[in-house]
Amino acid sequence: MKHVVRSMVAVAAAGVFGLLMPGQSHAAAGTARQSEPAGVASTAGYYPNVDHIVCEINKERANLGLPELLISDRASDVAQAHARDMSKLDRLTSVGSDGRDLRTRLSDAGIFSSYIHEFMFSGYEHDGYFADMATDPDAENGFYKVLMSPDVVALGLGYESRYWDVDLLGQHRHLVTRAADCDGNAAAE
C-alpha cells in the first residue's frame, strides 16, 4: 500500500494520500457507471456515486453530532478535471500538468474558501470500499479526521481510471452546494 502525505499550512491545508488496495492493479474494472458530473465521461466503466458516498459519510458525521456534509458540483468539476489529469500522468500529484495547485484550480473556477483540503487516492473501484475507508475512525486515517471536522462543510469529488481527487471545503458566502441525495431524488439548492 502506497501512503504519501504532504501538507501546507496557512489559511488552507492540503493532504495527499495514495492508496492501492491489496491485490488491485491500475487496470480499470468494468462495473456499471453511476452518477457522474454533467458532461464528464470516465474512460473506465466505473464512476463513483458521489451522493451515496456522501450519505455514508453523513451517517458517521451524524453519529458524532456534526452537520451533514454538502456536495459542491462545481468543486466536483474541478476535482474531475484534476483526476483526469492525474490519470493521464499516471501518478498522484497535487500540482497539475499545467502547474496549477488546488487553490489556483478552485479560484479559477470561482470557488473560494478559507479552509481547503485535498486528498488523492488510487485504487478504489467500488463505492462501498471507498465509503468504508472514508468512515474508518482509525487513528492513522487522516482523511477521516478531516471529513469529521466541523470546519468542512462541502465536498467535490472527481474520478478517472482509478484516480480520485477529493476537495474538502469550508464555509464561504459564495459557495454553492446541495444536499446529498440519499433517496434518489437529487435537486440543486
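Observations on the model:
- One residue from 36, 56 being modelled with pLDDT under 95, part of a helix (DSSP H, G or I) and closer than 21 Å to residue 126 by Cα: 56
- The lone exception for residue 81 - which of (1) open to solvent by 30 Å² or more (accessible area, probe 1.4 Å); (2) at pLDDT below 95; (3) within 14 Å of residue 166 (Cα to Cα) it fails: (2)
- Candidate set from region 86-117 (those that are open to solvent by less than 60 Å² (accessible area, probe 1.4 Å) and among the charged types (D, E, K, R)); member that is nearest to residue 73 (Cα to Cα): 105
- Candidate set from region 118-145 (those that are among the aliphatic types (A, V, I, L, M) and open to solvent by 20 Å² or more (accessible area, probe 1.4 Å)); member that is farthest from residue 60 (Cα to Cα): 139
The values are calculated or read from the model by the stated rules, or taken from the named source; none is laboratory data. Note that the coordinates shown come from a computational prediction; the quantities given were computed from them, not determined experimentally. The accessibility values were calculated without ligands, DNA or RNA, using every heavy atom of the protein model including side chains. Shrake-Rupley method; radii C 1.70, N 1.55, O 1.52, S 1.80 Å.
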